[in-house]
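The values are calculated or read from the model by the stated rules, or taken from the named source; none is laboratory data. Just so we're clear, the structure is a prediction, and the values are computed from it rather than from any experiment. Counting neighbours? That spans all protein chains shown, and the Cβs are built from the backbone with ideal geometry, glycine included. Quick note on the areas: whole protein, heavy atoms, side chains included, nothing else; ligands and nucleic acids left out. Shrake-Rupley method; radii C 1.70, N 1.55, O 1.52, S 1.80 Å.
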Amino acid sequence: MDWLLVAGVIIAVYAMIAYYIKTFRLWEDHVVFYGPILAIKTDRVGFFDWFTRYSRFFRFYGTIGVAMVIIVSVLMTVMLVLSLQTTIVHQPEPTAVNEIRNVLAIPGVNEFIPLTIAVLFGLIVTMVVHEFGHAILCRIEGIRVKSMGILIPVVPIGAFVEPDEEDQEKTKGLAKMRMFGAGITNNIVLGIACFSLLVILLGLAVPLSTPLISGIYPDTPASLAGVPANSVIKEVNGMKISTRDDVASVLDTTRPGDTATLLVEKDGIAATCSLTLSAWPAAISNKTSGFMGVSYYDASQLKRIFDNLLSPIGFLVLLAIPIWVILDPATYGSFMILMNDSAGSVMWNTPFPHFWLVIQLLFWCGWWNLVVGTFNALPLVPLDGGYIMKEGVDRILDKKGLLKYSGHVVAAVSYAMLVVIIAIFLLPKILHM
């Protein structure tokens, strides 16, 4: 597999660099190894003290955030349990979602997350705002911050803030919950903001009627003539073409068996294709003119979908797009324009240069923040949601004189959540072995 070869090369290069750093003790003050994981850190964290002048605001923000995290945690738990129930009852066939390479959200390895500038930008922003949230609330609650940094097992997978253990242990109740919940709160707020701005900007894009071929029907004249998908029709039988209506007007004068010569352009390269037109399939149309066998990119339909995305359901649709595009490209392939460079950009009149790059940056920044924020809200130690649950359970049981049972309750909930998550991924494969 190509992805295994690429992953192997990346791992080998990482291992060589890590060995060199460790052997020659380079940058000892800033590089630490936790097994195979390399941590790059700094103890220059004094700038977080600046935020203490706004303690009242950040405590209010943190308290609202704790309430939001608890709500998200409950909703995510219910969703996962219902998903597990659906898997057991309906026993769906395994898909790419259930592949091992797609369990971890590693760009370039995970099939649904490409390795692009926009993806890396979104990931880095997500890690920074998450850890900055923890660090700021640490200082607001009087917890010293010793260092901060990033974790790299081959590729950056996380960032960290290292609070003073004694200060953190002394902090109890809501103050501690605010500290744990701040990263999740930042992620969810920023994710919602990015998706909202994304939808607003999409409202400024005007769809065009450019004859961009999005698909070729098999065993049709276009397929037999080798007409490339994602190419734009420039001429038909020597006549200049600018819209899909222009193509239809020319073809309406033809009959099955006639020859049509297309001039198409893809990636700036022009090509000429000669087709022997056939009759229209009865299932598609009763036209008597010649049939090529192509489908067009429909920007107008996509525009109508874009206009309805500014809602909770719309945000769920945006979160699902990377999976839909890979699992069903024929239906959802046009959404690729939100994720990565695509031929569909020629179908839009945009308000400023590099419009689609901005859209892709906003998409991945919003996607990463909402995915990381909602996942971290799960009641599962060592996730932030798990520690918030632990603090809540500690306070409730302490009042009843049952604090000694707190660890057992937290462990039981954590293991139960872990079993549910693993089962959702593995059951489709197990049930169809």
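Between residues in the stretch 272-299 that are over 17 Å from L262 (Cα atoms) and of a type in the set (V, I, T) and residues that are modelled with pLDDT of 90 or more and open to solvent by 80 Å² or more (accessible area, probe 1.4 Å), which pairs lie under 8 Å by C-beta distance while being six or more apart or on different chains?
T288/R255
Would it be correct to say that V381 is touching a residue at least 12 places away in the same chain (Cβ under 8 Å), open to solvent by 10 Å² or more (accessible area, probe 1.4 Å), in a helix (DSSP H, G or I) and among the β-branched types (V, I, T)?
Working: touching a residue at least 12 places away in the same chain (Cβ under 8 Å): yes; open to solvent by 10 Å² or more (accessible area, probe 1.4 Å): yes; in a helix (DSSP H, G or I): no; among the β-branched types (V, I, T): yes.
No; evaluated as a whole, the condition is false for this residue.
For the stretch 291-327, give me the residue count where each residue is over 22 Å from V232 (Cβ atoms) and among the charged types (D, E, K, R).
2
Having 1 or more residues that are surrounded by 19 or more Cβ atoms within 10 Å (Cβ to Cβ) and without any contact (Cβ under 8 Å) to a residue 40 or more places away in the chain is the bar; report the strands (runs of 3 or more DSSP E) wholly within the stretch 192-270 that clear it.
232-236, 259-266
Taking interchain pairs and intrachain pairs at least six residues apart, which have beta carbon atoms under 7 angstrom, with the first residue in the stretch 122-150 and closer than 14 Å to Y54 by Cα and open to solvent by less than 20 Å² (accessible area, probe 1.4 Å) and the second of a type in the set (D, E, K, R) and not in a loop (DSSP other than H, G, I, E, B)?
Cβ pairs passing all conditions: L137/R178; I140/R59.
So, in the stretch 223-241, of the ones that are in contact with a Lys or Arg (Cβ under 9 Å, 6 or more places away or on another chain) and among the small types (G, A, S), which residue ends up modelled with the lowest pLDDT?
The residue in question is A229.
Looking only at the stretch 83-103, count every residue that is surrounded by fewer than 16 Cβ atoms within 10 Å (Cβ to Cβ), on the phi < 0 side of the Ramachandran plot and in contact (Cβ under 8 Å) with a residue 24 or more places away in the chain and tell me the total.
So the answer is 8.
Assigned to a strand (DSSP E or B) and either touching a strand residue (DSSP E or B) at 6+ places or on another chain (Cβ under 7 Å) or surrounded by 14 or more Cβ atoms within 10 Å (Cβ to Cβ) (or both) - does that describe any residue in the stretch 296-307? Before you say what the answer is, go through the steps one by one.
Initially, the stretch 296-307 is screened for residues assigned to a strand (DSSP E or B), giving 296.
Next, from what is left, pick out any that are either touching a strand residue (DSSP E or B) at 6+ places or on another chain (Cβ under 7 Å) or surrounded by 14 or more Cβ atoms within 10 Å (Cβ to Cβ) (or both): 296.
Yes.
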